[in-house]
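Structure, as structure tokens:
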Amino acid sequence: MAHTTFGVLLLGSFMALPKAFKMQINSRWIKSKGAQHILKILENAGHSAYFVGGCVRNSVLNIPVSDIDISTDATPEETLSLFDIDNFKVVQTGFSHGTITVISAGIPYQITTMRTDQNTDGRHADVRFSDNITEDAKRRDFTINALYANSFGEIIDPLGGLKDFNPLKIKFIGNASNRIQEDYLRILRFFRFHAQFSELTMHYDQVALSAIKDHQSGLKILSKERVWNEFQKILSTADPSRALLEMSRIGVLKKIWNDENIHNIRNLISIEKKLAIEPEPIRRLVTISTNSESISLNFSRKDAKKFSLLKGLLENKHDLAELVYQFSREIALSVLAIYTCQQGEKLKSSDVTKIEKAFLNPCPIKGAQISKYVRGAAVGIKIKEAQRIWIKSNFNSNEAKILSAIGIKVKPDA
């Protein structure tokens, strides 16, 4: 999704607006044919429809928009009927809760019927559909997420959330304790938004923190899948250190993960920036883990494999260039970052150079060449020997010399 552009108003002038002024966002996504077409289909059928949540919030903050959500008074059945036409693909992503996803030109638009949440149990809620935008806003989590925009980009702010943008505040809607007890995952979402907007949020809302302390034990009733999905988002932000340290301070982090080594996180972020590597949740999780930490969250197979791999590689010191050849540049850089952080050492430019040289200079000996002369497990052993010879030569040997050095005599016709 293209970067959004907030076109008409500076944040600093919120409070100075005359009452008649209509705040308007002027972002590319809201002007796109797909977004406009979907709203018009709903409106032409006699329904109200608004963009809502993160897409509006991010446009006000002038940061990229990745997901477009739409709120409407059309029932799920009515929405489904309206978009059961050519040029649209419809997915019933949460039909019982009023949500369907309409895909137009490859872009998903999540359309949800306005609703109120009934009979919440800390994980899920029974819903009652509504046509009242204020009631729909009240069931949301944070004030900054309860903004709506019409097809012209004019913002509708039923609960006065705009006042929490300057400076940016993450505040629960209404009673913080009630919002948390409706869904305990909102505790992690609170810290995720603090991590995501760490450069914009100066302070924590003390009312929210107090409610979180009172109800953090509710995290244990959530599925491990939901917890990891949200925790992973925190770990994936550019700099989650302040949020993670606050989670540790008030006791939230230890409810989902051992926080004994949380003190490592700031140093790791600093090292990541020096290495110019992207945020990576498993790398960060390994860094704050203890040596005996086992997987207690619902990882995907890929994440579980990576967690175990990094933990295992850190048990002994490895040649970084060999890690590039055996695994990848990313794994080698992650091992370097974590090891440097955990040992309290300074990052060595020579280590970084070695990784980059290995990445740019692949070993000339491959399995296909070795298998002409040896079989089975011996192939892997000889490949590793060849890689070590290549590295030792400062990546400047040749195929014949390497094969000779690992004890393989090349036949003249080979």
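The values are calculated or read from the model by the stated rules, or taken from the named source; none is laboratory data. All values derive from a computational prediction rather than experimental measurement. Because the Cβ atoms are built from the backbone with ideal geometry, glycine has one as well, and the counts that use them run over all protein chains shown.
Any idea which of LYS372, LYS348 is over 27 Å from HIS263 (Cα atoms) and either loosely packed, with under 13 Cβ neighbours inside 10 Å or charged (D, E, K, R) (or both)? If you could, list the steps in order and put the result at the bottom.
On the way: LYS348 fails: over 27 Å from HIS263 (Cα atoms).
Of the residues listed, the single one that is over 27 Å from HIS263 (Cα atoms) and either loosely packed, with under 13 Cβ neighbours inside 10 Å or charged (D, E, K, R) (or both) is LYS372.
Yes or no: THR201 closer than 27 Å to ILE331 by Cβ and hydroxyl-bearing (Ser, Thr, Tyr)? Walk me through it before giving the result.
Values: closer than 27 Å to ILE331 by Cβ: no; hydroxyl-bearing (Ser, Thr, Tyr): yes.
No; evaluated as a whole, the condition is false for this residue.
Return the only residue of GLN196, GLN216 being at pLDDT 95 or above, crowded, with 16+ Cβ neighbours inside 10 Å and closer than 20 Å to THR120 by Cα.
Values: GLN196 fails: closer than 20 Å to THR120 by Cα.
So the residue among GLN196, GLN216 that is at pLDDT 95 or above, crowded, with 16+ Cβ neighbours inside 10 Å and closer than 20 Å to THR120 by Cα is GLN216.
Give me a count of the residues in segment 316-370 that are within 22 Å of LEU403 (Cβ to Cβ), at pLDDT 95 or above and of a type in the set (Val, Ile, Thr).
Selection size over segment 316-370: 1.
Here are some residues: ALA358, ALA378. Which one is among the hydrophobic types (A, V, I, L, M, F, W, C) and surrounded by fewer than 16 Cβ atoms within 10 Å (Cβ to Cβ)?
ALA378
Pick out, from segment 313-414, the helices (runs of 4 or more DSSP H) lying fully within it that include 1 or more residues that are within 21 Å of LEU285 (Cβ to Cβ).
Ranges flagged: 320-326, 329-343.
Wholly within segment 133-226, which helices (runs of 4 or more DSSP H) include no fewer than the required count, namely at least 1 residues that are more than 25 Å from SER71 (Cα to Cα) and without any contact (Cβ under 8 Å) to a residue 24 or more places away in the chain? Outline the logic, then answer.
Values: elements: 133-138, 176-182, 185-196, 206-215.
Qualifying helices (runs of 4 or more DSSP H): 206-215.
Collect the residues in segment 268-277 that are in contact with a helix residue (DSSP H, G or I) (Cβ under 8 Å, 6 or more places away or on another chain) and either more than 23 Å from SER350 (Cβ to Cβ) or part of a helix (DSSP H, G or I) (or both), keeping them in residue-number order.
LEU268, ILE269, ILE271, GLU272, LEU275
Give the residue that is farthest from ALA149 (Cα to Cα), with candidates limited to residues of segment 99-121 that are outside any strand (DSSP E or B) and more than 23 Å from the chain's Cα centre (by Cα).
So the residue we want is ASP121.
Just to be sure, is ASN62 within 30 Å of ASN166 (Cβ to Cβ) and surrounded by fewer than 17 Cβ atoms within 10 Å (Cβ to Cβ)?
Answer is yes for this residue.
Report, ordered by the first and then the second residue, all pairs with beta carbons closer than 6 Å, sequence separation of six or more or different chains, a first member in segment 253-269 that is under 16 Å from THR237 (Cβ atoms), and a second member that is at pLDDT 95 or above and in a loop (DSSP other than H, G, I, E, B).
ILE269/ASP239
Being touching a Pro at 6+ places or on another chain (Cβ under 6 Å) and either modelled with pLDDT under 95 or surrounded by fewer than 18 Cβ atoms within 10 Å (Cβ to Cβ) (or both): is that true of SER236 here?
Criteria met by SER236.
Which residue, of ILE265, ILE295, is of a type outside the set (Gly, Ala, Ser), farther than 18 Å from HIS194 by Cα and either in a helix (DSSP H, G or I) or at pLDDT below 95 (or both)?
Being of a type outside the set (Gly, Ala, Ser), farther than 18 Å from HIS194 by Cα and either in a helix (DSSP H, G or I) or at pLDDT below 95 (or both) holds for just one of ILE265, ILE295, which is ILE295.
Can you say whether ILE111 is over 20 Å from GLY174 (Cα atoms), surrounded by fewer than 17 Cβ atoms within 10 Å (Cβ to Cβ) and assigned by TED's automatic domain parsing to the domain that holds ALA49, as far as the supplied structure shows?
So ILE111 fails the test.
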